[in-house]
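So the structure is just underneath, and the comments pick up after that.
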Amino acid sequence: MALFDSILNEVGKKFNLGDKAGGLLTILLTMIADQSNGGFSGFIDRFKEAGLGDLASSWVNSGANMPLSDEQTETVFGEGTLKDISDQSGIDYKTTTSATAFLTPHIVDNLTPNGEVPDEKGLLSMIGGYLTGIGGAIAGGLGAAGATAGATAGRIGTAAAGAAGAGKEKIGAGINAVGGAADKVGDKIGSTFDSVGDTVGDGGGSILKWLLPLLLIGILIALGFMFCGKGSPTTTTVNKNTNTNANANKSNANVTTDVKTVDSSFTLKAENGKYIVSGVVKDEATKKQIMDALTAQYGAGNVDFAGLKVDANAKPFGTGWWDNFSKMLPSLKDWKTGELSFVGSAITSAVGLPQAAMDQIKSLFGTGWTLPASMNGGATADADRKLTEVSLPDGTKLQAYPGGIEDQLIKFIGSDEYKNGTTESLKEKWFSFDDLNFKFGSTELVPESKRQLDNIVAILKAFPDAKIKIGGYTDKKGDDAANKKLSDSRAKAVKAALDKSGVGAQVPEAEGYGEEFATVPETAGDKEREADRKTSVRLLK
């Protein structure tokens, strides 16, 4: 259980879960262990298919873990699955989603201590060690799902069979086939799997396909531990000691090689005037420095530092990080919603910040630091990105960039090409947003997109006969099907925002094309591929 002790304690306190934290952790481990859905690799593939491959890779690799948002969690797991998890764990839906978003990066990180995806045997060994150690605590954690400690594996078979409906005889027999042997493992292990068994019995639904396989997996793990005298951890220790005694120099070399170094990281997330801090810093002095500064600015009761950790092996931040961050901190005084993240010598996220803070980022971190792609020049470089006033026929004044989508649409609607155009002739005439972005790997629009969405609404109202279609596009990197799904969801998210603003009748269509029209090679750099990642509109007849 030691592998997950700190995770359990942290998630329990952060979300006030008490003993239900163990139940939630068990369900997530069940999903990861389910070989019928691809096991660990299959679990990671879920994120790749949702366009979150880089996010998941950060949890596996030795660097800092990138955070998972609630919205991204709903995209990957699905509302139905999260509802099942909520029902089974006895935790309300919103808390289940947030706690799952918090737990997932930590679980994956703990299961990949060497930066590699474990094979099935290694995965089951780690998860099995947790299951056999947690015992009756899981029964308490899944109390809302009807768990009762101390029943035999035979009862597990009955409960699982009841949940499985038409397949109850086959499943029940399969579990009971090992039930007699599992009884001999003892009450402690029996309680663990009975807890999981009763969870299945009450729930069914989409979560059933994860819980049933783990019953068999878990019992076999328990039997393996019994027959080996629970010897895996002991054997490892003995082997290490033997190697050390036999060759001290070799042992010392191994210790040095096994040290897991990470980049220092720091994320400050604002949520309606409350602030959540996470990351990894090199020493307690740096942690105290951060805590003192943010407490002084926002107040002790408004900042959550539970996610900020100390790791003596962490590599330092880039040159001047603290001095520069301190200089821009006053600009964040009245900041209410958004996210600012630093990793090593890079700013990986700067979303929803006041304009003064954005300007300071460019001036303070312009040399020696990597900034988010959205802040780096491109087709609309800083010198050109000065908002100017654009007038509509109905007298409405817009703030827009010269030559931007607003300018292009207004001019085209007034042109003969549009007035004399047909459905076919307009088909390839797309206009791309130049200031509309989504949070990384998700369908949630960043707050800065509101200005341009409002402008499109104003244009449509000024030209009530005009109708548009929304198109979503991705670059060539990643899975084709996942790219298509993400682009389609994003296009529909833009349509939904316009619908909500009262112009839905003028936006009848939205479609994602994925990488179908991408032109930049997958092997090109991220900045080059940025040209293929866009959301566009075209006029309809």
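When residues of the range 320-368 are filtered for being among the acidic types (Asp, Glu), part of a helix (DSSP H, G or I) and buried (at least 16 other Cβ atoms within 10 Å of the Cβ), how many remain?
0
Just the residues that are within 17 Å of Phe433 (Cβ to Cβ), part of a helix (DSSP H, G or I) and either touching a residue at least 12 places away in the same chain (Cβ under 8 Å) or open to solvent by less than 50 Å² (accessible area, probe 1.4 Å) (or both), please, taken from the range 489-507.
Across the range 489-507, the qualifying residues are Ser489, Arg490, Ala491, Lys492, Ala493, Val494, Lys495, Ala497, Leu498, Ser501, Val503, Gln506.
Test each condition in (1) free of Cβ contacts under 8 Å to residues at least 40 places away in the same chain; (2) closer than 27 Å to Ile413 by Cα for Ala510 and report the one that comes out false.
Checking Ala510 against (1) free of Cβ contacts under 8 Å to residues at least 40 places away in the same chain; (2) closer than 27 Å to Ile413 by Cα, the one that fails is (1).
Kindly state which helices (runs of 4 or more DSSP H) lie completely within the range 1-111 and contain at least 2 residues that are open to solvent by less than 10 Å² (accessible area, probe 1.4 Å), closer than 30 Å to Asn313 by Cα and aromatic (Phe, Trp, Tyr).
Hits in the range 1-111: 39-49.
Ser442 fails exactly one of the following numbered conditions: (1) over 23 Å from Gly404 (Cβ atoms); (2) open to solvent by 40 Å² or more (accessible area, probe 1.4 Å); (3) in contact (Cβ under 8 Å) with a residue 60 or more places away in the chain; (4) of a type outside the set (Val, Ile, Thr). What is the number of that condition?
Of the numbered conditions (1) over 23 Å from Gly404 (Cβ atoms); (2) open to solvent by 40 Å² or more (accessible area, probe 1.4 Å); (3) in contact (Cβ under 8 Å) with a residue 60 or more places away in the chain; (4) of a type outside the set (Val, Ile, Thr), the odd one out for Ser442 is (2).
What pairs come out if I take residues in the range 518-532 that are closer than 20 Å to Gly471 by Cα and surrounded by 12 or more Cβ atoms within 10 Å (Cβ to Cβ) and pair them with residues that are at pLDDT below 80 and not hydrophobic (A, V, I, L, M, F, W, C) whose C-beta lies under 6 Å away, six or more apart or interchain?
Short answer, once both residue conditions are applied: Val520/Glu528; Val520/Arg529.
Confirm whether Glu515 is of a type in the set (Asp, Glu), in contact (Cβ under 8 Å) with a residue 12 or more places away in the chain and surrounded by 18 or more Cβ atoms within 10 Å (Cβ to Cβ). Before you say what the answer is, go through the steps one by one.
Numbers: of a type in the set (Asp, Glu): yes; in contact (Cβ under 8 Å) with a residue 12 or more places away in the chain: yes; surrounded by 18 or more Cβ atoms within 10 Å (Cβ to Cβ): yes.
When the stated conditions are applied, Glu515 passes them.
Report yes if Ala314 is under 19 Å from Met66 (Cα atoms), among the hydrophobic types (A, V, I, L, M, F, W, C) and touching a Leu at 6+ places or on another chain (Cβ under 7 Å), otherwise no.
no
Looking at Phe317 and the list (1) in contact with a strand residue (DSSP E or B) (Cβ under 7 Å, 6 or more places away or on another chain); (2) at pLDDT below 85, which single condition is not satisfied?
Status for Phe317: all satisfied but (2).
Can you name the number of the only condition in (1) open to solvent by less than 60 Å² (accessible area, probe 1.4 Å); (2) modelled with pLDDT of 90 or more that Asp292 fails?
(1)
Inside the range 94-119, can you point out the residues that are touching a Lys or Arg at 6+ places or on another chain (Cβ under 9 Å), among the polar types (S, T, N, Q) and over 23 Å from Lys83 (Cβ atoms)?
Asn114
Checking Lys484 against (1) charged (D, E, K, R); (2) open to solvent by 50 Å² or more (accessible area, probe 1.4 Å); (3) touching a residue at least 24 places away in the same chain (Cβ under 8 Å); (4) in a loop (DSSP other than H, G, I, E, B), which test does it fail?
Only one criterion is unmet by Lys484, namely (4).
Quickly run through the range 277-286 and pick out the residues that are in a helix (DSSP H, G or I) and either among the acidic types (Asp, Glu) or surrounded by fewer than 19 Cβ atoms within 10 Å (Cβ to Cβ) (or both).
Scanning the range 277-286 gives Glu284, Ala285.
If we scan the range 256-276, do we find a residue that is open to solvent by less than 70 Å² (accessible area, probe 1.4 Å), assigned to a strand (DSSP E or B), modelled with pLDDT under 90 and among the acidic types (Asp, Glu)?
yes
Could you please find all residues in the range 416-473 being within 17 Å of Leu387 (Cβ to Cβ) and assigned to a loop (DSSP other than H, G, I, E, B)?
Passing the criteria: Phe433, Asp434, Asp435, Leu436, Asn437.
If I filter the range 295-314 down to residues being among the hydrophobic types (A, V, I, L, M, F, W, C) and open to solvent by 50 Å² or more (accessible area, probe 1.4 Å), which single residue comes out as modelled with the highest pLDDT? Talk me through it step by step, then tell me what you get.
So in the range 295-314, the residues among the hydrophobic types (A, V, I, L, M, F, W, C) come out as 296, 300, 303, 305-306, 308, 310, 312, 314.
Now restrict to residues that are open to solvent by 50 Å² or more (accessible area, probe 1.4 Å): 296, 300, 310, 312.
On the way: Ala296: 93, Ala300: 89, Val310: 90, Ala312: 87.
By that ranking, first place goes to Ala296.
The values are calculated or read from the model by the stated rules, or taken from the named source; none is laboratory data. Values in this document were obtained by computation on a predicted structure and should not be read as measured data. Don't worry about glycine lacking a Cβ; one is built from the backbone with ideal geometry, like all the others, and counts go over all protein chains shown. Surface accessibility is based on the protein's heavy atoms, side chains included, excluding ligands, DNA and RNA. Shrake-Rupley method; radii C 1.70, N 1.55, O 1.52, S 1.80 Å.
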